[in-house]
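Below: one structure, written as C-alpha cells.
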Amino acid sequence: MPRSTRRPADVPGALALRRDRDRYAALQRAIGAVGFFRRGTLVRVYGRCGKPGCRCAADPPRLHGPYVQWTRKVAGKTVSVRVRPAQVRLFQEWIRNARRLDRLIARLQQLSLRATERILRQQSDPQRPAGRRPGRSSRPRRGG
C-alpha cells in the first residue's frame with residue numbers, strides 16, 4: 001500500500017490553525033492601522049448661566065448652547081470637558097477609532113480563544129483528528 005502523500009500540515013486541524021494564525025496576523029495589522037483614539041462620548045449640552053435677567057431664566061427658558069462636551073470615565077468617575085467647535089471632528093474620529101479598536105480586540109480575543117483551544121486539544125490527544133470531539137462517534141446511535 002502506498003504511503004500517504006499528506007503532510008502533517010495538511011491535517012484539517014493544522015489547516016484550521018494556520019487559517020487562525022493568518023486571521024490573527026490580519027487583525028494585528030488592522031489594529032496597527034487604527035490611529036490615535038480617545039474613549040468616551042461627545043454630547044451636546046444646554047445650560048443656564050444663573051443671571052436673573054437672562055433669557056435662560058425666563059419662562060419658558062431659552063437655554064444657552066448647544067455646547068459639545070467630551071465625557072468619559074476616569075477612575076470610576078465621570079469627567080466632562082468642553083470641546084471647541086473646531087475640535088469636534090477630531091474628537092469624532094478619535095472616538096470612532098476607539099470603538100473600532102474595541103471591535104478588533106474582541107475579534108482577536110475570540111479568535112485567540114478558538115485557536116488556543118484547538119492547540120490544547122491537539123496536544124492532549126495527538127492521535128485524534130483536531131476536528132473531532134472526544135466521546136463523539138460517527139456511527140449512528142441505537143435506540144432513541
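Tabulated data for the structure shown
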item: Amide H contacts of residue 83 (H built 1.01 Å from N, under 5 Å, at least 5 apart or other chain); result: 68, 69, 70
item: Integer Hz, Karplus 6.51/-1.76/1.60 couplings in order for segment 85-96, x for Gly and Pro; result: x, 5, 9, 4, 4, 4, 4, 4, 5, 5, 5, 4
item: Likely footprinting exposure, 15, 108, fewest C-beta neighbours within 10 Å first; result: 15, 108
item: Where labels lie 7 Å past Cα in the beta-carbon direction, separation of residue 15 and residue 102 in nm; result: 3.8
item: Burial ordering of 54, 49, fewest other beta-carbon atoms within 10 Å first; result: 49, 54
item: In nm, spacing of pseudo-spin labels at residue 30 and residue 116 (7 Å Cα→C-beta vector); result: 2.0
item: Whole-Hz couplings from phi, Karplus 6.51/-1.76/1.60, listed for segment 104-110; x for Gly and Pro; result: 5, 5, 4, 5, 4, 5, 4
item: Two-site label geometry, residue 74 and residue 23: point separation in nm, points 7 Å out along Cα→Cβ; result: 3.9
item: Cβ-based exposure ranking for 59, 20, 102, in which fewest neighbours within 10 Å come first; result: 59, 102, 20
item: Counted charge near residue 82, where neighbours are those whose Cβ lies closer than 15 Å (Asp, Glu -1; Lys, Arg +1); result: +4
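Computed from the coordinates by the stated procedures, all read-outs in this text should not be read as laboratory data. Computed from a predicted structure; not experimentally measured. Cβ: placed from backbone, ideal geometry, glycine included. Neighbour counts: every protein chain shown.
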